[in-house]
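Below is one structure, written out as structure tokens, with a few remarks after it.
The values are calculated or read from the model by the stated rules, or taken from the named source; none is laboratory data. Bear in mind the structure is a predicted one, so any value in this text is a computation, not a measurement. Quick reminder, even Gly has a Cβ in these numbers, built from the backbone with ideal geometry, and neighbours come from all protein chains shown. Just so you know, the surface numbers come from the protein's heavy atoms only, side chains and all, with ligands and any DNA or RNA stripped out. Shrake-Rupley method; radii C 1.70, N 1.55, O 1.52, S 1.80 Å.
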Amino acid sequence: MPRTVLVVDDERDNNDILSSLVQAREFSPIQVFSGAQAIAAVAERKPDLILLDLMLPDMDGFELCDRFKRARETNLIPIVMVTALNDEKHRATGVKVGANGYLSKPFTPERLYASMDQALAWHEEHQKRGTTGEINFDIRSELTYLAQANDMLADLFAHTSLTPRQIKDLKQAIMEMGGNAIEWGHRKNAELVLRITYRIDPKAVTLIIEDQGPGFNPTQLPHAASEEDPIGHIELRNELGLREGGFGIMLAKGLVDSFHYNERGNVVTFVKHFDPKPE
Ligand SMILES: Nc1ncnc2c1ncn2[C@@H]1O[C@H](COP(=O)(O)OP(=O)(O)OP(=O)(O)O)[C@@H](O)[C@H]1O
Ligand SMILES: [Mg+2]
């Protein structure tokens, strides 16, 4: 069976252009012109990829993306959202379920193919790992939205075999690390977007929290607590005029089974295994 791409765009010309471009890559395009048609098409046959225009007559692309990503049957279909440049404002609203990629108009065939390749590679990787699901939330940098996203994640945790205690630990770790992303990574600039990715593999839940800030060096934190010396930093914080604290990272590390930052320090990844470790 040929690989298919569902092209969702109500403007006939755009839809045709996208369709002929994917055809040139030897995918067979399925053309639909509304959200309702897209839902019906996916129910009939799962495409290998969805190209989703943001503006549809009956619902917006984010709504549709949210719907596909939250349903188990369609969660792993890669979605590339096609947006116009002036849609950028949509990127910083509350909490939204993110697509696998964004392609801004006007685009070149190369950019289209690059975003398709990336989304397909994402799918392939999950196929290999046996991932049951992945969802990401793009969150405007405010604590209320972080809390809202955390509640949504907790609902998703409820469908895993994590114990209530483990869920509580994960929620707390998310609040600490999301709080750091907002306070230190984004310096409370609410326009920046915080991304939380939640992935369920057969044996574990992985959380990835990414901010758009400059990052930091987590091995050089004299103003934060360490396992070896949980209070030695307090005096320094006073001297530096920093608010009380410095416990978040130490605390979060202790709540999960594995915990690490990327090299730059703007992405933190932590994992909780389904089988509780023996006490
Ligand atoms: N995402 C981030 N980007 C930049 N710097 C960060 C980030 N996360 C943490 N930091 C730095 O690491 C320090 C330690 O973070 P940690 O969460 O342990 O303590 P805190 O946020 O200062 O206080 P607390 O979490 O106890 O309220 C922060 O003070 C900040 O300097
Ligand atoms: Mg903190």
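In region 226-239, the residue that is farthest from Ala173 (Cα to Cα) out of those that are of a type outside the set (S, T, N, Q) and more than 15 Å from ligand 2 (Cβ to nearest atom) is Glu239. Please go through (1) touching a Leu at 6+ places or on another chain (Cβ under 9 Å); (2) away from ligand 2 (no atom under 16 Å from the Cβ); (3) under 22 Å from Phe274 (Cβ atoms) for Lys203 and return the number of the only condition it doesn't satisfy. If we test Lys203 against (1) touching a Leu at 6+ places or on another chain (Cβ under 9 Å); (2) away from ligand 2 (no atom under 16 Å from the Cβ); (3) under 22 Å from Phe274 (Cβ atoms), just (1) comes out false.
Yes/no matrix, rows are residues, columns are (1) open to solvent by 20 Å² or more (accessible area, probe 1.4 Å); (2) more than 18 Å from the chain's Cα centre (by Cα); (3) more than 8 Å from ligand 1 (Cβ to nearest atom):
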{"residue": "Ile196", "(1), (2), (3)": "no, no, yes"}
{"residue": "Ile208", "(1), (2), (3)": "yes, no, yes"}
{"residue": "Gly248", "(1), (2), (3)": "no, yes, no"}
{"residue": "His260", "(1), (2), (3)": "yes, no, yes"}
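Determine if region 210-223 includes at least one residue that is β-branched (Val, Ile, Thr), within 24 Å of His186 (Cα to Cα) and within 15 Å of ligand 2 (Cβ to nearest atom). Within region 210-223 (the criterion being β-branched (Val, Ile, Thr), within 24 Å of His186 (Cα to Cα) and within 15 Å of ligand 2 (Cβ to nearest atom)), the answer is no, since none of the residues qualifies.
Would you say Glu183 is away from ligand 1 (no atom under 12 Å from the Cβ) and open to solvent by 10 Å² or more (accessible area, probe 1.4 Å)? Steps first, please.
Numbers: away from ligand 1 (no atom under 12 Å from the Cβ): no; open to solvent by 10 Å² or more (accessible area, probe 1.4 Å): yes.
For Glu183, the condition - away from ligand 1 (no atom under 12 Å from the Cβ) and open to solvent by 10 Å² or more (accessible area, probe 1.4 Å) - is not met.
Screening Gly178 on (1) under 15 Å from the mean Cα position of the chain (by Cα); (2) more than 23 Å from Ala38 (Cβ to Cβ); (3) free of Cβ contacts under 8 Å to residues at least 24 places away in the same chain shows it passes everything except condition (3). When region 91-121 is examined, which residues are found to be over 21 Å from Asn14 (Cβ atoms), in contact with a helix residue (DSSP H, G or I) (Cβ under 9 Å, 6 or more places away or on another chain) and at pLDDT 90 or above? The answer is Gly94, Val95, Lys96, Val97, Gly98.
With Ala173, Ala147, Ala119 as the choices, which residue is in the same structural domain as Gly246 (by TED's automatic domain parsing) and either more than 19 Å from Gly98 (Cα to Cα) or touching a residue at least 40 places away in the same chain (Cβ under 8 Å) (or both)? Ala173 is the lone residue from the list that is in the same structural domain as Gly246 (by TED's automatic domain parsing) and either more than 19 Å from Gly98 (Cα to Cα) or touching a residue at least 40 places away in the same chain (Cβ under 8 Å) (or both). Checking each residue in region 99-148 for being within 20 Å of Leu51 (Cβ to Cβ) and either aliphatic (A, V, I, L, M) or touching a Cys at 6+ places or on another chain (Cβ under 8 Å) (or both) picks out Ala99, Leu103, Leu112, Ala114, Met116, Ala119, Leu120, Ala121, Ile135.
Scanning region 155-173 for residues that are part of a helix (DSSP H, G or I), open to solvent by 20 Å² or more (accessible area, probe 1.4 Å) and not acidic (Asp, Glu), we see that the one that is nearest to ligand 1 (Cβ to nearest atom) is Gln172. Of all residues in region 262-279, none satisfies the criterion of being in contact with a strand residue (DSSP E or B) (Cβ under 7 Å, 6 or more places away or on another chain), within 12 Å of ligand 1 (Cβ to nearest atom) and either open to solvent by 30 Å² or more (accessible area, probe 1.4 Å) or of a type in the set (Asp, Glu) (or both). For region 18-67, how many residues meet the condition of being buried (at least 16 other Cβ atoms within 10 Å of the Cβ) and in a helix (DSSP H, G or I)? Result for region 18-67: 16.
Residues to consider are Glu88, Glu124, Glu73; find the one that is at pLDDT 90 or above, assigned to a helix (DSSP H, G or I) and of a type in the set (D, E, K, R). From the options Glu88, Glu124, Glu73, the qualifying one is Glu124.
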